[in-house]
1. For residue A:184, place a label point 7 Å from Cα along the Cα-to-Cβ direction in every copy; what are the distances to the other copies, in nm, shortest first?
2. More than 16 angstrom separation, counting every C-alpha pair in the stretch A:135-182; what % is that?
3. Could you give the nm distance between label points at residue A:119 and residue B:238, where each point is 7 Å from its Cα heading toward the beta carbon?
4. Taking 30 Å as R0, compute the FRET efficiency from the Cβ-Cβ separation of residue B:140 and residue B:180 and round it to 0.05.
5. Distance in nm between label sites at residue A:37 and residue A:156, each 7 Å beyond Cα in the beta-carbon direction?
6. Let me know the mean shielding of B:45-55 by other chains, meaning the per-residue number of their Cβ atoms within 10 Å of its Cβ.
7. Enter the Cα centre distance for the pair the stretch B:38-56 and the stretch B:119-183, rounded to the nearest angstrom.
8. What is the set of long-range amide H partners of residue A:72 at a cut-off below 5 Å, with H atoms built 1.01 Å from backbone N?
Number of protein chains: 2
Amino acid sequence: MFKKAKQSRVFQDIVEQIQDAIINGKLEPGAKLPAERELKDMFNTSRGTLREALRVLEQKGLIEIKLGVSGGAIIKHMDAEPIVESLALLIRSGEVSLKHLSEFRIKIEGSLVEIAASRATKEDIKELEILFNKAKGYYEKDDWGNFLKTDEKMHMYIGTMTRNPVFQFVQKSIHDNIHQYYEEYLPMNKKRTLENLTDFEKIIKAMKINDSQTASATIIDHVKRFNDKMQEKIKLNTK
Amino acid sequence: MFKKAKQSRVFQDIVEQIQDAIINGKLEPGAKLPAERELKDMFNTSRGTLREALRVLEQKGLIEIKLGVSGGAIIKHMDAEPIVESLALLIRSGEVSLKHLSEFRIKIEGSLVEIAASRATKEDIKELEILFNKAKGYYEKDDWGNFLKTDEKMHMYIGTMTRNPVFQFVQKSIHDNIHQYYEEYLPMNKKRTLENLTDFEKIIKAMKINDSQTASATIIDHVKRFNDKMQEKIKLNTK
DNA sequence: TGTGTAGAATGGTTTAACCATTATCATTAT
DNA sequence: ATAATGATAATGGTTAAACCATTCTACACA
């Protein structure tokens, strides 16, 4: 019948007030909060309590704190970073394995490419081709590290093409967290790298004619091959 | 060439030490940290600084703090709550709209049901049928609120059936956040509610014979219909 | 004109005290 | 004996005042 009376903590009230001001646009990204010693008076509290509130806001990714004179709390642009970090925690704790993450990635990236292909503009294609040629260059120079980075950039750019921030956030969360496995488990392999390049060529070609089915099917193969490589390596390592 | 020298804050060091202990399993869920006045001595710091560290850990969803004697910081089970909250922030700030969320949900839930169907056990089917009959009961009693709750439970249970925590976390994040729109934008409609029930009947039947394609296609229709209803209502409201 | 240094503003930390909440245990009334 | 009542102590929550560390700014000086 009744809701449990929420127990009030002063710092929580401060967090909510500042958070609401940010959400309502009263505080825009880039704006600077007053100094701690001023804020403490505005909220009629102590500096310690105020600082606990700032810690929470910082952890939520809403503010960033700089040191020194003219330092202070600055309103940040909201992004996927807190989600990336939370997911990283779940992975590190063993609740989520590479297998889980890969299975999810295959599904999500298939959908994502399908949408991206259906919304691709000429500028998008041009951007993808620039990235593709960069990747090709790194492939020819056997620069595995930069090849991987560019490959990832293509994946992220396809996320942008969906024009849907949810897909972009999820794409970033997955890639940031799967990236840690790359160096350890993804050995350079010229033949397979070429296959990956060919995949992207196919995807771009499909996007040009809005063939979202082919684009989607190709990326799914692409991601599967990537993950299979890693899984193989993991099995070898644990044998 | 160099990484920016991270500036050290005492409370960050405390956060990392405790977080690592949790991740490594040295501190298991349910365990209680020593009292603040003891911890402060163990870390050789002040209570204020220690409390800032506890605020961060609390915000990360790693600990829960209870009041009074025999209170203190208790290690929590990790769950999707921090992700749910971060996504909620992105939605409330307007970075993510209902349309964005729905588009994502349709894709993810299609994949999720496909996997769930391929892994369904007899016990899973039984559990779904129990929920289905509950929903049917609420439908017949015109209990719209409980019907929605049960509908959501079915969606969440299908997430469990994937045996993949990533899908479960995402499913929870989406549903918790889309739920706030239900009351406002989902009017009771006997005919359409029946359609939804029929959908679940089809899905369960398909799962029984491991027909993941039909199950997936059906849930996609189901979710689309749900969202279309809401979108219609939103359009009417904003006219 | 450039360079270095002193000052001041700001966040980071410490200390010590008091307040508020709650489990526990002793006291008391029935 | 048992149940209500109240005192006690442990714990988190808050406050205050001081000092430290970092960094921007302005001024003096070469």
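1. 4.4
2. Values: 495 of 1128 pairs.
For the stretch A:135-182, the share of Cα pairs beyond 16 Å comes to 44 percent.
3. Computed distance between label sites residue A:119 and residue B:238 equals 1.6 nm.
4. Values: r = 27 Å, r/R0 = 0.90.
Calculated value: 0.65.
5. With each label placed 7 Å out from Cα toward Cβ, I get 4.1 nm.
6. Details: counts 0, 1, 1, 6, 2, 0, 6, 7, 1, 2, 11.
Per residue, the average neighbour count from other chains is 3.
7. If we compute the Cα centre of each part, the gap is 42 Å.
8. A:66, A:67
The values are calculated or read from the model by the stated rules, or taken from the named source; none is laboratory data. Bear in mind the structure is a predicted one, so any value in this text is a computation, not a measurement. Because the Cβ atoms are built from the backbone with ideal geometry, glycine has one as well, and the counts that use them run over all protein chains shown. Heads up: the accessible areas ignore ligands, DNA and RNA and are worked out on the full protein's heavy atoms, side chains in. Shrake-Rupley method; radii C 1.70, N 1.55, O 1.52, S 1.80 Å.
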